[in-house]
1. Return the residues of the range 16-36 that are among the small types (G, A, S) and at pLDDT 70 or above; say none if nothing qualifies.
2. Output the residue which, of all residues in the range 37-60 that are under 17 Å from H13 (Cβ atoms) and more than 9 Å from the chain's Cα centre (by Cα), is modelled with the lowest pLDDT.
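The values are calculated or read from the model by the stated rules, or taken from the named source; none is laboratory data. Quick caveat, the model's predicted, so the values are computed rather than measured. Here Cβ is always computed from backbone atoms with ideal geometry, including for glycine, and neighbour counts include all displayed protein chains.
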Amino acid sequence: MMRVDYNMIIHLHLAKILLQGPPPKRQRIAQLATRFIESFNDKMDALMTHFGKIADKCQIIHSWILQKGIWLERLTN
């Protein structure tokens, strides 16, 4: 599964904001942005893990259904 670089997307967006802000506030904005990025990445990793588990279960169920279908086909022939 391809991982999207959310850090780069968010940094590019926030760079515009940082450059427009007053100099005394830039450091605070950068700290808040860093915390946001870390939190966002943690949530996205958890979400991708969750979807990965769901995909694995779907694949197992699909395999089971195919096996049962083959078994039923053999019974009827």
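1. Answer for the range 16-36, where residues must be among the small types (G, A, S) and at pLDDT 70 or above: A30, A33.
2. Per the stated criteria, the residue is I37.
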